Amino acid sequence: MAMFLLVDMDAFFASVEQLHHPHLRGRPVIVCGDPARRGVVTAASYEARPSGVRAGMPLAEARRLCPDAAYVEGNPEKYVALSLRLLELYLTLTPDVEPFSVDEAFVGLDPRIVSLDQAAGQARDLQREIEERFHLTASIGVGPNKLVAKMASGLEKPRGLTALDEAGFCRVFWPRDVQELWGVGPKLAARLRALGLKSVGALAHAPEHVLKGAFGIIGPQLREAACGRDDTPLVPYHQGVEPKSMGHEVTLPEDCDEPAFLEGTLLRLADQVARRLRREGYVGRTVVLKLRNHRFETVTRQRALAAHTADHRAIFEATRALWREHWKGGPLRLVGVCMASLERSSGSAQAELFESDRREGKLVEALDLLRDRLGDSSVVPAGSLAQRREPRHVPFGAFPARARPRPPRKGKRDP
C-alpha cells in the first residue's frame, strides 16, 4: 500500500514576508494587494488570525478587526521562487512530487514504506529539514491516498503532523460536518443536508441509489470519499500537469456602475488572458465571466466559442455579450475573465488564407515581444483606456501553469 504526504506550508505568504522583514516577526501581518487601495486579504499570519482575519476578507473589515496589523503588498515572484526551491527539496526524497498549489504539494513515498509509523517518520524528517533550511514551518498530513493526506494536513496547524489510515480517517471525520469533506463546497453541502446527510459519517452510510439519483455519477464517489477511499493517482510534475483554466480578475478601485469603465476593464482583462494563453502555448474555447457586486454576491457565467482561440478580440466579444446579458445594473466590486476548455496550441498553425490575417499574426507576435521587453502595460488595447487607473490584476487558474513550474523572468511583471 502506497503512502502519501501533503506538505502544507504554514501561512506561507505571510511567513515569507516575516522571514524577509525581521521587524515583522511576531507581529500580525496581512498580505494583500496595494494596501492603499481597496482589495481583499490574500493571507494572514497566525498572529492576525485570532482577531478573525481570514483570506478573502475585504481589507476594510480586516483593518477593523486587526487595526495593529502590518499590511504588506504581496510579491508573487518571491513566493513562486521559494516554492520551486521547496519542490527541489521534495525531489531529493522521491521523484513522485505533484504541486497542488504554490504552498502545497503531494509527495508519494517509496513503495517500500508501507506503515503509517514509517511514513510519519519520513514526514517528521522533512518537516525538520524545511525548518532548518528555509526557516519556515509546514504542516504535513500522512495517509494511504491523496484525500486522507490532504484532510489530515489541516487538522493541526501550525507545525502539525497527522498520520491517518482509513479507519483513523473515519474515526476523526465521521462526526464532522459534511462540508469538511474535501471537494464539498457550500452549495453541495446544502444539497446533502437537504437529504438529511449532515455529517461525513451520514454520507458514508447513505444508500448508493439515493446518492446516484440525487447527484448522478458523483454520488457514489462522494460516499467513497466519505469512507476515506480515493484512487486519484499522483501525477509527478516532471510529467506535466496541464492547467484547466487561465484567467484574471480585478477588484475595482471603487464600486462602479459606469458601462464604459466596466467594458474597458473587461477588454483589458481579455487582453491579459489572451496574452497569458499565447505565452504558455494554449488556446481556449470556453469564456467565463465573473461579476461580484457591492453586496459581495458573485455571479459566474460561461459561453463556448465556435473554435479554440487565444485572440483577445474573440474573448472580449464573448465576455462583453455575457456581461450585457447578465449585468442587471448596480455597482460592481469585482470583475473577472477566464478561459477554460484549454488545449495546447499547434506549434505550426495552419497558414492564414489572406494577407491581412498574416499581417495581423505578425503584429501580435511583435507586440508580445515588445511587452516582454517593456512590460505588459507598455501596450494596451485602445478601448481599455476608459479605465481611469491601472487596476491590480490577480491571476487565477491551475498551478502549475506549465508542465514544470518556472520562476518569472526578471524585469517582467506576471499579468
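Over 31 Å apart at the Cα level, from the set Lys78/Lys146; Lys150/Lys187; Lys78/Lys187; Lys187/Lys244, are Lys78/Lys187.
For the pair Lys328 and Ala306, what calculated FRET efficiency results from E = 1/(1 + (r/R0)^6), where r is the Cβ-Cβ distance and R0 = 35 Å, to the nearest 0.05? Efficiency computed from Cβ-Cβ geometry: 0.80. In terms of the mean number of neighbouring beta-carbon atoms within 10 Å, the peptides 192-198, 256-262, 223-229, 138-144 order highest first as 138-144, 223-229, 192-198, 256-262. Stretching the chain fully between Asp34 and Phe100 yields a gain of 21.1 nm (0.36 nm per residue, less the alpha carbon separation). Can you list the residues of segment 282-303 with backbone N under 18 Å from a point 7 Å past the Cα of Arg64, pointing along Cα to Cβ? Answer for this model: 293-297. To the nearest 0.05, what FRET efficiency results for Lys187 and Glu224 with a Förster distance of 22 Å applied to their C-beta separation? Plugging the Cβ-Cβ distance into 1/(1 + (r/R0)^6) gives 0.60. Of the peptides 28-34, 172-178, the ranking by mean beta-carbon count within 10 Å, highest at the top, reads 28-34, 172-178.
Every read-out reported here was derived from the displayed coordinates using simple, explicitly stated rules and does not represent laboratory data. As the structure is a prediction and not an experimental result, all values here were calculated from the model. Virtual Cβ from ideal backbone geometry, glycine too; neighbours counted across all protein chains shown.
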